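Here's the structure we're looking at; comments come further down.
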């Protein structure tokens, strides 16, 4: 098109967007892309520059920022919506239906599943009509989980075209993590990961209850609780300690990424008791390492992962066993084949070409 850019990315500074911005700079014409990001206290290393605009939340800064957003969305050929959480952006989109055919909604999961909590507060009830209007009209749905597209169509009447894409580098498995023949275990019993955050959607207490029959076995239960609902985290810590004592290990401090990967390598089993699509980055990494992953069989990612040929374990039939070596090897092979940087670049190129 005539003008300074073709593709506008709209979202908030996050641990997902900064690596994506770096990837786009190295693999695609940088002049074709602009980022409009709503302000946040933690900008995740994203600095404002010629290609990146960060909107200030203060009144006059926000007013200027949303005028710029409207201008940029009208000028762009493609508008990438990285999550649909911001109520102001929802209102802008609802009032400008002519923008919707060129909008690509990158489904994060939490934005889709707000449907289930849409009546939980007056803010949710106020926002939901705008969400419904925008999701129904949006021209394109971007996700690698077809079940989420089906839910968007079922819940909101979404009519957009589905584009399969693993979306972010957090869903790319590093080739260096290819599973090697297991050395002798450096720990007794089983190391178990419970959930991925302090979000109540992890259903920690229910999962801990399922583990109670095994409490006398040699095991360690690690629960990442450093981010999310800290009131819920306190309840989880209290219950975990009451039931499992020192065998329950709450992880309340943030861990650098490389250190976290080393921690994941030390695990034997992961239990994700979410009732919706969540923790996919952790799930993919663990499967790529050949770990045993338990999750609910009624969530959209179960159907997606098993359709790839990945062997999962059902949390409703929880038993402390690891999958067979040949199954673990096959899981790792499939994950490293599909969730690769080359796959992501090809999928993004298909989208950016419109």
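The values are calculated or read from the model by the stated rules, or taken from the named source; none is laboratory data. What you are looking at is a predicted structure, and each value in this text was computed from that prediction instead of being measured. All Cβ positions, glycine included, derive from the backbone under ideal geometry; neighbour counts span all protein chains shown.
A quick yes/no check of all residues on (1) at pLDDT below 95; (2) surrounded by fewer than 20 Cβ atoms within 10 Å (Cβ to Cβ); (3) over 23 Å from the mean Cα position of the chain (by Cα); (4) farther than 23 Å from residue 18 by Cβ:
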residue	(1), (2), (3), (4)
52	yes, yes, no, no
56	yes, yes, yes, no
61	yes, yes, yes, no
66	yes, yes, yes, no
81	no, no, no, no
85	yes, yes, no, no
103	no, no, no, no
106	no, no, no, no
110	yes, yes, no, no
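Scanning segment 311-331 for residues that are surrounded by fewer than 16 Cβ atoms within 10 Å (Cβ to Cβ) and closer than 22 Å to residue 275 by Cβ turns up 314, 316, 317, 319.
Scanning segment 340-354 for residues that are buried (at least 16 other Cβ atoms within 10 Å of the Cβ) and either more than 23 Å from residue 161 (Cβ to Cβ) or at pLDDT below 90 (or both) returns a single hit, 340. The condition (being surrounded by 15 or more Cβ atoms within 10 Å (Cβ to Cβ) and either closer than 20 Å to residue 331 by Cα or in the same structural domain as residue 331 (by TED's automatic domain parsing) (or both)) is satisfied by just one residue among 308, 208: 208.
Using the structure shown, decide if residue 251 is loosely packed, with under 14 Cβ neighbours inside 10 Å, in the same structural domain as residue 196 (by TED's automatic domain parsing) and touching a residue at least 12 places away in the same chain (Cβ under 8 Å). Answer is no for this residue. Checked against (1) out of contact with any strand residue (DSSP E or B) (no Cβ under 7 Å at 6 or more places or on another chain); (2) closer than 26 Å to residue 151 by Cβ, residue 254 passes all but condition (2).
Looking at residue 73, is it in contact with a helix residue (DSSP H, G or I) (Cβ under 6 Å, 6 or more places away or on another chain) and closer than 23 Å to residue 137 by Cβ? Yes, satisfied.
Kindly evaluate residue 280 against the criterion of being farther than 20 Å from residue 340 by Cβ and buried (at least 21 other Cβ atoms within 10 Å of the Cβ). Answer is no for this residue. Checking residue 232 against (1) at pLDDT 90 or above; (2) buried (at least 17 other Cβ atoms within 10 Å of the Cβ); (3) closer than 30 Å to residue 333 by Cα, which test does it fail? Checking residue 232 against (1) at pLDDT 90 or above; (2) buried (at least 17 other Cβ atoms within 10 Å of the Cβ); (3) closer than 30 Å to residue 333 by Cα, the one that fails is (3).
Beta carbons closer than 6 Å, at least 6 apart along the sequence or on distinct chains, pair a first residue in segment 338-354 that is in contact (Cβ under 8 Å) with a residue 24 or more places away in the chain with a second that is in a helix (DSSP H, G or I) and surrounded by 11 or more Cβ atoms within 10 Å (Cβ to Cβ) for 339/171; 339/284; 345/27. Of the residues making up segment 312-322, those that are more than 25 Å from the chain's Cα centre (by Cα) and either closer than 14 Å to residue 289 by Cα or outside the structural domain of residue 285 (by TED's automatic domain parsing) (or both) number 1.
Looking across segment 305-324, the residues that are without any contact (Cβ under 8 Å) to a residue 24 or more places away in the chain and closer than 17 Å to residue 267 by Cα come down to 312, 313, 319, 324.
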